[in-house]
Each structure stands twice: as structure tokens, then as C-alpha cells.
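Single-structure report; data block below.
The values are calculated or read from the model by the stated rules, or taken from the named source; none is laboratory data. Keep in mind it's a predicted model, so treat the numbers as computed, not measured. With ideal geometry, Cβ positions are generated from the backbone for all residues, glycine too; neighbour counts draw on all protein chains shown.
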Amino acid sequence: MAQKGKQNQWVVRVGEQWGVRGEGNSALTAITRTQKEAIDIATDIAKNNQSDVIIQNRQGQIRDRDSYGNDPNPPKDTKN
């Protein structure tokens, strides 16, 4: 998980598009045509903030999460 005070970035469905939203914010940081574009933007922000990217699927369920902070229990996946 992200450190206290660090804002996680959510990739969310917005109609037929995808958005990036900082955790706790009602406004979107960005709106893109594809989920990949939104993930790339969210990842850049999370790396700068040392926080997490939480990716939702089309139904709004969490499908993936990547940590870019000082996670004391980092995930064991090797895809990223």
C-alpha cells in the first residue's frame, strides 16, 4: 500500500472512455480514449508520488494494482 499522505491513482471507466482520478478526488485528472493511455498517465503520477495505481475493469471491479512506493510487503508478481 501507499505511504500515508500519498495519493493513489485510480483508472476508472467514464462512459465509453477511461479516466484517471486521484484517490478521494471527485474530479478526474485526465480522460483518455483507451485504458492503456489512462494506465500510462496514472503510472507516471504514481511513480512521482510514490503511490499505487488501482485499475478497474469495465464493470468497476478492481482488476489490478501496482505499487510504486516504499511498500514493506511488495507484490511477488514479475509482470512489471
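Would you tally the residues in the range 3-24 being part of a loop (DSSP other than H, G, I, E, B) and either of a type in the set (Asp, Glu) or modelled with pLDDT of 95 or more (or both)? Show your work before the answer.
In the first step, residues of the range 3-24 are kept if they are part of a loop (DSSP other than H, G, I, E, B); the result is 3-8, 15-16, 23-24.
Pick out the ones that are also either of a type in the set (Asp, Glu) or modelled with pLDDT of 95 or more (or both) and you get 8, 15-16, 23.
Matching residues across the range 3-24 total 4.
Within the range 33-62, track down each residue that is over 10 Å from Val11 (Cα atoms) and either of a type in the set (S, T, N, Q) or part of a strand (DSSP E or B) (or both).
Answer for the range 33-62, where residues must be over 10 Å from Val11 (Cα atoms) and either of a type in the set (S, T, N, Q) or part of a strand (DSSP E or B) (or both): Thr34, Asn48, Asn49, Gln50, Ser51, Asp52, Gln59, Gln61.
Residue-wise test of (1) free of Cβ contacts under 8 Å to residues at least 24 places away in the same chain; (2) of a type in the set (S, T, N, Q).
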| position | (1), (2) |
| --- | --- |
| Lys6 | no, no |
| Val14 | yes, no |
| Gly19 | yes, no |
| Ser26 | yes, yes |
| Ile31 | yes, no |
| Thr43 | no, yes |
| Ile54 | no, no |
| Gly60 | no, no |
| Asp66 | yes, no |
